[in-house]
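Structure first, then comments.
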Amino acid sequence: MVGKNCVAIASDTRLGAQAMTVDMNFPKIFPMTDHTMIGLAGLATDVLTLRDQFKYKVKMYHLKEDRVMAPRTLAHVVSSTLYEKRFGPYFVEPIVAGLDPRTHEPFICCTDTIGCIDFAKDFVVVGNATENLYGMCEGLWEPNLEPEDLFETISQALLNAVDRNALAGWGAVVHVITPERVITRNLKARCD
Amino acid sequence: MECLLGLVGKDFVITVTDTSAIRSITVLKHNEDKTRVLSPHTLISFSGEAGDTINFSEYLQKNIQLYGIRNNIELTPAAAAHFVRRELAEALRSRNAYQANLLLSGYDKKKGPSLYWIDHLAALVQRPFAAHGYCGYYCTSMFDRYYRPNMDLEEAKDLIRKCLQELHHRFIINLPRFSVKVVDKDGIREIEL
Amino acid sequence: MDMLATNPAVHPTSTAKQAAFSPYADHGGTNLAIAGADYCILASDTRQSSGYNINTRFAPKTFKLSDKSVLATAGCQPDCNMVVTRVKHSMKGYKYTHNKEMSTPAIAQMLSIMLYQKRFFPYYDFNILGGLDEEGKGCVFCYDAVGSYERVPCNAYGSASALIQPFLDNQVRNKNQQGKEKVTEFDPVARLSIDEAMRIVKDAFTSATERDIYTGDFLQIFIVTSAGVEEQLHPLKRD
């Protein structure tokens, strides 16, 4: 979700094997640079594989180019990494959220499992409870939210959406990325 | 049908595996050991496709032992777990994937005991307690109710007994014998409940 | 000539074809209802579609039953129509027999039975019945296709229900909002004024219209108060 000079990214924390919950504290959002995070929803094994791959690619870029990777660049890295496996895809839908390292301009996007990028100016959603999330975000989001208001908006959107989805929930984590710092909060949620 | 349980206590990890080798409707063997020792302080227990599990876990065992010999240092449980995951994940997208579910329990001299849950898709999660297969449906709820961090061995054994009792009581498959192993600072040993 | 063309048994045109017939269709559309202390609001869009086609942009599927009750239907249009006709018919019978109008909870019970009578060939129809109960309180009853029903403070049914329902949970029932009184099934009445509720209804539909292709064109709102039923029509996006 985009705010005024800030972006927020949030996820639930459940890991399940179909209906059985295996872990209630499974991270799906990973920091890539100081101002960029990537959220991966989907098959847990591919979440871990891609997390490692993206970390590697971001670090190598940093070493080779001696500059921090911009979120827009990372989005294209993500896209091409996924499209490499066009006919045997990773079952993961990523979200990239961050601020441009130089201008601090907010950037968010998501892609599908084969890397088709969806740039958005307001919000993007992926994963299990997308319909619920679209409804919540369309209802709650407004332009130019300050970090604290953005936090409240994204939290309410996520919590109420996952409460209507049997396969999501069991806690949530929210990161608000501002030029100065990243605010991370773990939310209490319904665990049923 | 197979049962794999694990639980992290104060300074040990306890793992339970059933000992039945089942094929179709027949029990072939009653004293099958479904664990392999990866290093003096790391134990892996497995369930899944009969050939795959043993082939894969022995492949892991030998490679981790080789690492120990070459580098004169034991692979930590965390490192071993990530090695296992990598091997499994690479196999998954090849033509010969392993159909194996794993629990990796280990004791690290610095970080203490740890338990890793790894499924046949190579999803890796570190857990205070974990289970694979149908017994998960019975035992995870028992763990949710009775597990506390820092349990001592007697308390942990008690909880495991509760779980096995529940399995005997409710689970349709007959699993008469279990092998219980403990990993702690002294290494790996089998215990009686 | 090859085998395929000469052997009539395997000739592509000679094999018997069975025409598939399905008695059900989904015509999309969304309904929403909120019960307040002394009012009830029912809202629905008016688009009717089949797959990617729009049949018509104005096909109301919410009907006034009496001065105190309104029925919103979504699903298969002919089934919805049949249900509404039968409910109205039975209400007329009730009035002639007892010389009084049927109360909303009584209609609710009757509708449940009517749906369950078709248990093994159900109406493909998801109903929300709203209005005022005997005490003049707002009431909303929501149904599944075979007659299970429940009195709730608010509900969304139809193609955009997944989009709207969590929004209502949050804004009407105050779920996940610390320090705000929760609205539960035990006292299923929203703690909102009519104006606040109307704002939420319109917000919910403009949001749903953005993302759901089956919802749009016009928003029809019925406001039931002790003064009777007021009907409003608002435009929605038509794309």
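If you go through the range A:25-38 one residue at a time, do you hit one that is within 14 Å of chain B (Cβ to nearest Cβ) and open to solvent by less than 60 Å² (accessible area, probe 1.4 Å)? Among the residues of the range A:25-38, at least one is within 14 Å of chain B (Cβ to nearest Cβ) and open to solvent by less than 60 Å² (accessible area, probe 1.4 Å), which makes the answer yes.
Of all positions in the range B:85-92, none carries a residue that is among the small types (Gly, Ala, Ser), away from chain A (no Cβ under 13 Å), over 18 Å from residue B:14 (Cβ atoms) and surrounded by fewer than 21 Cβ atoms within 10 Å (Cβ to Cβ).
Kindly evaluate residue A:146 against the criterion of being without any contact (Cβ under 8 Å) to a residue 12 or more places away in the chain and more than 14 Å from chain C (Cβ to nearest Cβ). No.
Output the number of residues of the range A:3-41 satisfying the condition of being part of a strand (DSSP E or B) and over 12 Å from the mean Cα position of the chain (by Cα).
Keep residues of the range A:3-41 that are part of a strand (DSSP E or B), which gives A:7-12, A:15-17, A:20-23, A:29-33, A:36-41.
If we keep only those that are over 12 Å from the mean Cα position of the chain (by Cα) as well, we get A:15-17, A:20-23, A:33.
Number satisfying all stated conditions: 8.
Between A:10, A:19, which is in contact with a strand residue (DSSP E or B) (Cβ under 8 Å, 6 or more places away or on another chain), of a type outside the set (Val, Ile, Thr) and open to solvent by 20 Å² or more (accessible area, probe 1.4 Å)? Spell out how you get there, then give the answer.
Values: A:19 fails: in contact with a strand residue (DSSP E or B) (Cβ under 8 Å, 6 or more places away or on another chain).
Of A:10, A:19, the one residue that is in contact with a strand residue (DSSP E or B) (Cβ under 8 Å, 6 or more places away or on another chain), of a type outside the set (Val, Ile, Thr) and open to solvent by 20 Å² or more (accessible area, probe 1.4 Å) is A:10.
On the basis of being among the β-branched types (Val, Ile, Thr), in contact (Cβ under 8 Å) with a residue 12 or more places away in the chain and either within 14 Å of chain C (Cβ to nearest Cβ) or closer than 27 Å to residue A:18 by Cα (or both), does residue A:162 make the cut? Judged against the criteria, residue A:162 is a match.
Within the range B:127-138, count every residue that is part of a helix (DSSP H, G or I), open to solvent by less than 10 Å² (accessible area, probe 1.4 Å) and either facing another protein chain (nearest Cβ under 8 Å) or at pLDDT 95 or above (or both). Explain how you work it out, then say what you get.
If we filter the range B:127-138 for residues that are part of a helix (DSSP H, G or I), which is where we start, we get B:135-138.
Applying the additional criterion that residues be open to solvent by less than 10 Å² (accessible area, probe 1.4 Å) yields B:135-136.
Filter again for either facing another protein chain (nearest Cβ under 8 Å) or at pLDDT 95 or above (or both), leaving B:136.
Residues meeting the conditions: 1.
Within the range B:143-161, can one find any residue that is within 11 Å of chain A (Cβ to nearest Cβ), in contact with a Ser or Thr (Cβ under 9 Å, 6 or more places away or on another chain) and not basic (Lys, Arg)? Full working, then the answer.
First, pick out the residues of the range B:143-161 that are within 11 Å of chain A (Cβ to nearest Cβ): B:144.
Checking which are in contact with a Ser or Thr (Cβ under 9 Å, 6 or more places away or on another chain) leaves us with none.
No, the range B:143-161 contains no residue that is within 11 Å of chain A (Cβ to nearest Cβ), in contact with a Ser or Thr (Cβ under 9 Å, 6 or more places away or on another chain) and not basic (Lys, Arg).
Here the condition is being over 24 Å from residue C:66 (Cβ atoms), in contact with a Gly (Cβ under 9 Å, 6 or more places away or on another chain), open to solvent by 30 Å² or more (accessible area, probe 1.4 Å) and aromatic (Phe, Trp, Tyr); of C:124, C:157, it holds for C:124 alone. Quick one: count up the residues across the range C:170-221 that are without any contact (Cβ under 8 Å) to a residue 24 or more places away in the chain and at positive phi. The number of residues fulfilling the criteria is 3. Residues being at pLDDT 95 or above, under 25 Å from residue C:22 (Cα atoms) and small (Gly, Ala, Ser) are entirely absent from the range C:92-105. Note on the range C:186-239: residues that are assigned to a loop (DSSP other than H, G, I, E, B) and either open to solvent by 80 Å² or more (accessible area, probe 1.4 Å) or within 12 Å of chain A (Cβ to nearest Cβ) (or both) amount to 10. Taken over the range B:1-50, the residue count meeting the criterion of being under 30 Å from residue B:145 (Cβ atoms), at pLDDT below 95, more than 10 Å from the chain's Cα centre (by Cα) and of a type in the set (A, V, I, L, M, F, W, C) is 2. Take the conditions (1) more than 8 Å from chain A (Cβ to nearest Cβ); (2) at pLDDT 95 or above; (3) open to solvent by 10 Å² or more (accessible area, probe 1.4 Å); residue C:178 misses just one of them, which is (2).
The single condition among (1) within 14 Å of chain B (Cβ to nearest Cβ); (2) modelled with pLDDT of 95 or more that residue A:18 does not meet is (2). Exactly one residue out of B:78, B:156 is at pLDDT 95 or above and surrounded by fewer than 17 Cβ atoms within 10 Å (Cβ to Cβ), and it is B:78. For the range A:45-60, a residue qualifies if it is open to solvent by less than 70 Å² (accessible area, probe 1.4 Å) and away from every other protein chain (no Cβ under 13 Å), and the qualifying residues are A:54, A:57, A:58, A:60. The set of residues from the range A:166-186 being in contact with an Asp or Glu (Cβ under 9 Å, 6 or more places away or on another chain) and within 14 Å of chain C (Cβ to nearest Cβ) comprises A:168, A:169, A:171, A:172.
The values are calculated or read from the model by the stated rules, or taken from the named source; none is laboratory data. Since this is a predicted model, take the numbers as computed values, not measurements. Backbone-built Cβ (ideal geometry, glycine too); neighbour counts: all protein chains shown. Only protein heavy atoms, including side chains, enter the accessible area calculation; ligands, DNA and RNA are left aside. Shrake-Rupley method; radii C 1.70, N 1.55, O 1.52, S 1.80 Å.
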